Amino acid sequence: MGDFHNPDSDHDRFRFRLGIATLAVLLAFGILIGRFVWLQVIQHDFYRTRAEDNRIALIPIVPNRGIITDRNGVVMARNYSAFTLEITPSQVGSLEETIDGLAEVIDIQPKDRKRFKRLMDEAKNFESIPIRTRLSDEEVARFAAQRYRFPGVEVKARLFRQYPLGSVGSHAIGYIGRITDRDLKWIEEAEQQANYKGTDHIGKTGLEQHYEFELHGQTGYEEVEIDAGGRALRSLKRIPPVSGNNLQLTLDAKLQEITEQAFGDRKGSLVAIDPNTGGILALVSNPTYDPNLFVDGITPDNWKELNEHPSKPMVNRAINGAYPPGSTFKPFMALAALEMGKRTPNQAISDPGYFNFGNHQFRDDKKGGHGMVDMYKSIVHSCDTYYYILANDMGIDNIARFMGQFGLGQRTGVDLGKDDSGESKGILPSPEWKKQRFKKPEQQKWYSGETISIGIGQGYNAYTPIQLASATATLANNGVMFRPHLVNQIVDAKTGETRAVEPQPLRDLKLKPQNVEAIRRAMVGVNKEGTGARAFAGAPYEVAGKTGTAQVFSLKGAQYKESAVKKELRDHALFIAFAPADKPKIALAVLVENGGFGAQSAAPIARMVLDYYLLGKLPNGAAKDDTSAVEDDHEE
Amino acid sequence: MIDVSATLRRWARELVAHIDFPLLLITAAIMGVGLATVYSATYDSTHRMMSQAANMGIALVVMWFVSRLPPQKLMSFAIPLYLIGLILLVAVFLFGIKVNGAKRWLSLGFTRIQPSEIMKIAMPLMLAWYFQKYEATLRARHFVVAAMLLLVPFALIAKQPDLGTALLVGGAGFYVIFFAGLPWKVMFGLGAAGAAAAPFLWHMLHDYQRKRILTLLDPTTDPLGAGYHIIQATIAIGSGGAFGKGYLNGTQTHLEFIPEKHTDFIFAVYSEEWGLIGNATLVFLYTLLIARGFMIAAAAPTLFSRLLAGAITLGFFTYAFINMGMVSGILPVVGVPLPFMSYGGTALVTLFLGIGILMSIHTHRMLVKK
């Protein structure tokens, strides 16, 4: 190995090696210079020609976007081909003159000019930008005759997205729009830049966004020889694009439509799930909007109207609205009590109409109380006192742990939007949650008095309609839980091969069958002899359900009187249900904002949905509020 | 009365006491070319150029500070800096955030850092320190330990995956070992073993890395993706010819055919506009930089400073060669910027840390007693 420790010879060796390194550097740089000479002198003519030819050498061919159909094959999103008139600004002398000239041949409105200007600001100079979309055949012919006058202008066939059902299901389907800087970042992160050359639309919300890279397809390209005027002379080579995959939904478009109609002009949400698969049958957020407005670039006026409307049609209440569950929480509380052995079904309490805790009195809605109340009666007549005492006996940690299993207070991971950040988590109250939520130490402490109103679904409780629907579906399916999802399978457009999205259950809560049965029986009782009886009078199928009312505005000490409270401050109405009770095919959660009592406005909507889904019965018009329900069934 | 002018003169002298003017002039020349090219590449706005000028200001301040630290002080940083770099690399491996499918970044909440950047300096510093420590008792096993010190961070960075940075870090470390006297027999042996293992290494590469190498061999297989970069950059260079198309007149650049044109592919922009003459000038400037670095290494009084100066200088060469090689299509595309030319603050600061170290070694050489 030689002599390692003679400083002088070490230094000599170092210098020798520096010399070797110098030679290596010179050799490497020599190779580089050689490469430059090869490219820039010997091959210069070849590359000069290539650079000149390079004006437009490769034209990407955008693939057909996958179509979206409902569970029965009804088309909810498709493409149609239309001619657009496009200008490539870098190949045009004066833009103003060109557009003025074109206006003599083809109808160009001020709004077309405005949109062109806006698109040009966003686009790169060498891209062609549409000045008019959807040309008629006659217009195409007229332009073709005059084409020689307009270098840099061409007619292109482009595919446009269309949502044939209009606003039906728009909160589920979402829409596509022009690619913005933020979308570009997304494309880069997904390493899809090459595949998006030539693509100018991308999914913005809903399924269109969640399944963007499934729907998009593989871009093809054409090598084209171009003359000085920018016109294609001949095609040299063509690699065809591969169409995007189609989505086959679990959604039932007709059910969706009927449900949206049932809401009428009420604000709210309904999510219906097949409990056996987790497939979403209907996902309604009302009011809704027409996604077709977005495809061509929404006009500022339309955008303003949608965005600033007080009823917020752009908000997807099904996954973004968090509401206190009210009394729909009670069946889950009762189940928790059974599973943990804190109660038996027959164990009864005496309800004086209030529960005293410390120096605070928690009141029941029914003055004078319900008398002796067992579990069945507590659900059927929605007795508050029963659940005040139960919550106090169970303690907040037990409640939070049990409800967490049902996915309450967590994102469901439904296949909407880019990632699940578009979905609200809601609030599953617990001491840990409070510690994170508040900053000041005195606010961070959990008071045992706070546990009591949690028991009747009030207090900090806040869940999204999809969480409530998913929890109800899990209960209906005896504790076997699926992730709620809208896409049943992804279909390869060419081969027809299918891929299921969520075939496996998420988890099994291992509930005891006799406990689930007790809750089911009580929930059936709700619709036979309890708060839901009027809404389901004469139904030929058995429905398990529970009404609920969520306080928006707390009236200290005073009795709640609907007429005395402004509409925006009225309570939210809720209803959860599954049917047929013994072998459930559908589970749902309804929320009507400011709808008052659950029995009054939410249950009638559920009745319409179940009548259609189970019996095929078509309703006429929106559901009507059952105003008499208010007087008869006060207790919720 | 205080003699104001004398005080000012003393201050001025003190300010530049540890600046090596040949190095400063050479890097300033390359940076001037870089700024002009960044302007051409981002033609329609001066925004990038101004922000790059600001980056240069910061980098020069860093250089000034480092140049004032004596080499003994630099030595004392070797272990802590290496350990911090190593810990951060392990942290990236465990908790790093994924960008573009690669885990390279560590989130600090308010910002994110790329720890492999630290290793570009920490690696040669650590190894130079190590050989200095065992200077008098150097044995074969010390080379083995040095190889381990090199391979662990190298593997962590390659695993991210970030082959470009792994090669630069690995190179910087290897140069120290080479200058420390790694026997030729061993080097040729390793070379032969490496050649034999090439097919296995091929299987260990990530799909996208393999694709890049295949694309280099035949760019037409992926004309819309990675091959596009190579094809368009080659056309830019070739069409520039002997004298170039003239400043701001590169059609490839201004028709947006060149990707990453102000960062990794800036050389294509420069080469299109300045031609072979411009390329030769730039390569000459890099040769001057390396020559000055080697002179500093040859004159350095201690083993530590010799090894460090030699390795840092060869590092500059590696940057420049890999970048110009990949842009002109003789090396695969790995994310290596062109030193002192490409837009980007982090790389510039790292480079000037290196320049600062060279200046420190050179300006403190008289103070060190053998």
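Since every read-out is calculated from the coordinates, none of them should be taken as a lab result. Nothing here was measured: the structure is a model prediction, and the numbers come from that model. In this analysis, Cβ positions are derived from the backbone assuming ideal geometry, glycine residues included, and neighbour counts consider all displayed protein chains.
Per residue of peptide A:27-35, the mean number of Cβ atoms on other chains within 10 Å of the residue Cβ is 5.
Dimensions of chain B along the principal axes, based on C-alpha atoms and rounded to the nearest Å, stand at 63, 61, 44, largest first.
Determine the dipole magnitude for chain A: charges of +1 sit on the beta-carbon of Lys and Arg, -1 on that of Asp and Glu, nothing else is charged, the reference point is the Cα centre, and the result goes in debye to the nearest 20. Intermediate values should be presented prior to the final figure.
On the way: 78 positive and 80 negative charges, 134 e Å.
The calculation lands at about 640 debye.
3J(HN,Hα) along the range A:534-540, derived from phi through the Karplus expression 6.51 cos²θ - 1.76 cosθ + 1.60 where θ = phi - 60°, amounts to 5, 5, 10, 4, x, 5, x Hz, with x in place of Gly and Pro. The alpha carbons of the range A:58-249 stretch over 51, 35, 29 Å along the principal axes, in descending order.
Between the exposed loop cleavage positions of chain A, defined as chymotrypsin sites (Phe, Trp or Tyr not before Pro) in a non-H, G, I, E, B DSSP state with at most 12 neighbouring beta-carbon atoms within 10 angstrom, the longest gap is A:1-437. Between amide H atoms placed 1.01 Å from N, distances below 5 Å from residue A:507 occur with A:481, all of them 5 or more places distant or on a separate chain. Charged side chains reduced to their Cβ positions (Lys and Arg at +1, Asp and Glu at -1) give the range A:124-183 a dipole of some 100 debye around its Cα centre. Straight-line cross-link reach from residue A:237 at under 26 Å between alpha-carbon atoms covers these lysines, not counting any fewer than eight positions away in the same chain: A:124, A:156, A:197, A:494, B:211. Note on residue B:133: lysines with a C-alpha under 16 Å away, same-chain residues under 8 apart excluded, are B:73, B:370.
Checked against a 20 Å cut-off, the cross-linked pairs A:377/A:546; A:111/A:304; A:185/B:103; A:304/A:425; A:512/A:583 give Cα-Cα distances beyond that limit for A:304/A:425.
With +1 assigned to the C-beta of every Lys and Arg and -1 to the C-beta of every Asp and Glu, and no other charges, what is the dipole magnitude of the range A:16-55 about the Cα centre in debye, to the nearest 20?
Working: 5 positive and 3 negative charges, 32 e Å.
Using Cβ point charges on Lys, Arg, Asp and Glu, the range A:16-55 gives about 160 debye.
Net charge in the neighbourhood of residue A:303 (other residues with Cβ under 15 Å of its Cβ; Lys, Arg +1, Asp, Glu -1) is +3.
What is the average number of partner chain Cβ atoms found within 10 Å of a Cβ in B:239-248? Write out the running numbers ahead of the final one.
Numbers: counts 13, 7, 7, 5, 1, 1, 2, 0, 0, 0.
Per-residue shielding by partner chains comes out at 4.
Given axes a ≥ b ≥ c from the Cα gyration tensor, I'd like to know whether the range A:316-370 is rounded (a/c under 1.5), prolate (a/b larger than b/c) or oblate. Because a/c hits 1.5 or more and a/b fails to exceed b/c, the range A:316-370 counts as oblate.
The residue among A:337, A:414, A:349 whose Cα reaches farthest toward the positive pole of the charge dipole of the range A:306-432, with charges on the beta-carbon of Lys, Arg, Asp and Glu, is A:349.
As a proxy for reagent exposure, B:116, A:94 were ordered by neighbouring Cβ count within 10 angstrom, fewest first; the result is A:94, B:116.
Give me the percent relative contact order of chain B, please, defined on Cα pairs under 8 angstrom at least 6 residues apart. It would help to have the intermediate numbers written out before the result.
Details: 498 pairs, mean separation 99.1, N = 370.
Result for chain B is 27 percent.
Taking a sphere under 9 Å around the Cβ of residue A:74 and counting the other residues whose Cβ falls inside, with K and R at +1 and D and E at -1, yields a net charge of 0.
In the protein assembly as shown, if the dipole is taken from +1 on Lys/Arg beta carbons and -1 on Asp/Glu beta carbons about the Cα centre, which of B:331, A:269, A:193 is farthest to the positive end? Sorting the options by dipole projection puts first B:331.
Can you pull the Rg over Rh of the range A:16-55, Cα-only, Kirkwood?
On the way: Rg = 15.9 Å, Rh = 11.9 Å.
Rg divided by Rh gives 1.34.
Rounded to the nearest 0.05, what FRET efficiency do residue A:236 and residue B:214 have when you use their Cβ-Cβ distance and R0 = 22 Å?
0.45
Filter chain B for me: DSSP H helices, axial length by Cα at least 24 angstrom, mean Kyte-Doolittle hydropathy not below -1.0. List them by residue number. Counting only whole DSSP H runs, the qualifying helices are B:21-41, B:47-68, B:71-95, B:116-133, B:140-159, B:184-204, B:266-299, B:303-327, B:345-363. Residue by residue along B:276-289, Cβ atoms of other protein chains within 10 Å of the local Cβ number 3 on average.
Between the alpha-carbon centres of the range B:345-359 and the range A:293-310 there is a gap of 51 Å. With K and R counted +1 and D and E -1, the other residues having a Cβ less than 12 Å from that of residue A:289 yield a net charge of -2.
Distances between placed amide hydrogens fall under 5 Å for residue B:335 paired with B:164, all partners being 5 or more residues away or on another chain.
Taking 19 Å as the cut-off, the amide N atoms of the range B:159-189 that come nearer than this to a point 7 Å along the Cα-to-beta-carbon line of residue A:16 belong to B:175-189. Classify the range A:20-121 as rounded, prolate or oblate from the Cα gyration tensor: take a ≥ b ≥ c as the square roots of its eigenvalues, call it rounded if a/c is under 1.5, otherwise prolate when a/b beats b/c and oblate if not. Since a/c reaches 1.5 but b/c is at least a/b, the shape of the range A:20-121 is classed as oblate.
Which value at 222 nm does chain A reach when only helices count, each DSSP H run of 4 or more adding -39,500 (n - 2.57), with the total divided by all residues and rounded to the nearest 500 deg cm²/dmol?
-10500 deg cm²/dmol
Answer with one residue from A:323, A:531, A:184: the one whose Cα lies farthest towards the positive end of the charge dipole of chain A, charges on Cβ with Lys, Arg +1 and Asp, Glu -1. Going by the Cα projections, it comes out as A:531. Helices meeting the span-like rule in chain A (full DSSP H runs, Cα extent of at least 24 Å along the helix axis, mean Kyte-Doolittle score of 0.5 or higher): A:7-37.
Which number comes out as Rg/Rh for the protein assembly as shown once both Rg and the Kirkwood Rh are worked out on C-alpha atoms? Before the final figure, lay out each step's value.
Details: Rg = 36.4 Å, Rh = 33.9 Å.
With Rh from the inverse mean 1/r over Cα pairs, Rg/Rh is 1.08.
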